[in-house]
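**Q** What follows is a single structure, and I will ask about it in a moment.
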Amino acid sequence: MRRGLLNWSKEELPESVFDGRVARLQGAMVDAGLGAVLVYTNFPRPAAVSYLTHFVPYWNQCLLVVLPEGAPELIVSLSKRVAGWIMETSHVGEVICT
């Protein structure tokens, strides 16, 4: 379990950085004919999802769903009480708690 403050300074790392990363992935998806990309993350391996969204799981596992258009959606194995925090500290369109 991660401990300490997990926060996002949008001055240091603006939303446009994540928009660009997701747009490049979506462009590659279109070129490859992919309808979706699923990116798995968990406590010991947060890098791929964090790179695209700034989300770092402090516990459990999650799945990022990236479609050719629109903002990524994050499916999390966390309670709904953390959905607001995830939206504040991550650049995703929706958080789905399971």
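**Q** Taking the range 74-96, which residues are over 14 Å from Y40 (Cβ atoms), modelled with pLDDT of 95 or more and out of contact with any His (no Cβ under 7 Å at 6 or more places or on another chain)?
**A** Scanning the range 74-96 gives V92, G93, E94, V95, I96.
**Q** Do we have L34 as surrounded by 12 or more Cβ atoms within 10 Å (Cβ to Cβ), modelled with pLDDT under 95, at negative phi and assigned to a loop (DSSP other than H, G, I, E, B) here?
**A** no
**Q** I would also like to ask the following. Which number in (1) touching a strand residue (DSSP E or B) at 6+ places or on another chain (Cβ under 8 Å); (2) among the aromatic types (F, W, Y); (3) modelled with pLDDT of 95 or more marks the one condition that F43 misses?
**A** Against the list (1) touching a strand residue (DSSP E or B) at 6+ places or on another chain (Cβ under 8 Å); (2) among the aromatic types (F, W, Y); (3) modelled with pLDDT of 95 or more, F43 comes up short only on (3).
**Q** Would you please name the residue that is nearest to S50 (Cα to Cα), looking only at residues in the range 67-97 that are touching a helix residue (DSSP H, G or I) at 6+ places or on another chain (Cβ under 8 Å) and among the small types (G, A, S)?
**A** Of everything passing the filter in the range 67-97, S90 is nearest to S50 (Cα to Cα).
**Q** I've got another one for you. Look through the range 68-79, keep the residues that are of a type outside the set (G, A, S) and within 17 Å of R21 (Cα to Cα), and return whichever of them is surrounded by the fewest Cβ atoms within 10 Å (Cβ to Cβ).
**A** Narrowing the range 68-79 to residues of a type outside the set (G, A, S): 68-69, 72-76, 78.
Checking which are within 17 Å of R21 (Cα to Cα) leaves us with 68-69, 72-74.
Numbers: P68: 15, E69: 8, P72: 23, E73: 15, L74: 28.
The selected residue is E69.
**Q** Something else about it: Pairs please, first residue from the range 41-63 and closer than 19 Å to R81 by Cα and among the basic types (K, R), second anywhere and at pLDDT below 90 and surrounded by fewer than 16 Cβ atoms within 10 Å (Cβ to Cβ), Cβ atoms under 9 Å, 6+ apart in sequence or on different chains.
**A** Short answer, once both residue conditions are applied: none.
**Q** Restricting attention to the range 40-62, which residues are in a helix (DSSP H, G or I) and in contact with a Leu (Cβ under 7 Å, 6 or more places away or on another chain)?
**A** Step one: list which residues in the range 40-62 are in a helix (DSSP H, G or I), which gives 47-53.
The answer is V49, L52, T53.
**Q** Could you list, ordered by first residue, the pairs with Cβ atoms under 8 Å in which the first is in the range 4-24 and closer than 22 Å to Y58 by Cβ and the second is among the aromatic types (F, W, Y) and assigned to a loop (DSSP other than H, G, I, E, B), at least 6 apart or interchain?
**A** From the range 4-24, the pairs are L6/Y58.
**Q** Could you say which residue among V82, V65, V92 is under 9 Å from the mean Cα position of the chain (by Cα), outside any loop (DSSP other than H, G, I, E, B), surrounded by 11 or more Cβ atoms within 10 Å (Cβ to Cβ) and among the β-branched types (V, I, T)?
**A** V65
**Q** Restricting attention to the range 1-31, and to residues there that are more than 22 Å from R81 (Cα to Cα) and among the aliphatic types (A, V, I, L, M), which single residue is surrounded by the most Cβ atoms within 10 Å (Cβ to Cβ)?
**A** Result: V22.
The values are calculated or read from the model by the stated rules, or taken from the named source; none is laboratory data. What you see is a predicted model; the values in this text were computed from it and never measured. Methodologically, a virtual Cβ is constructed for each residue, glycine included, from the backbone with ideal geometry; neighbour enumeration extends over all protein chains shown.
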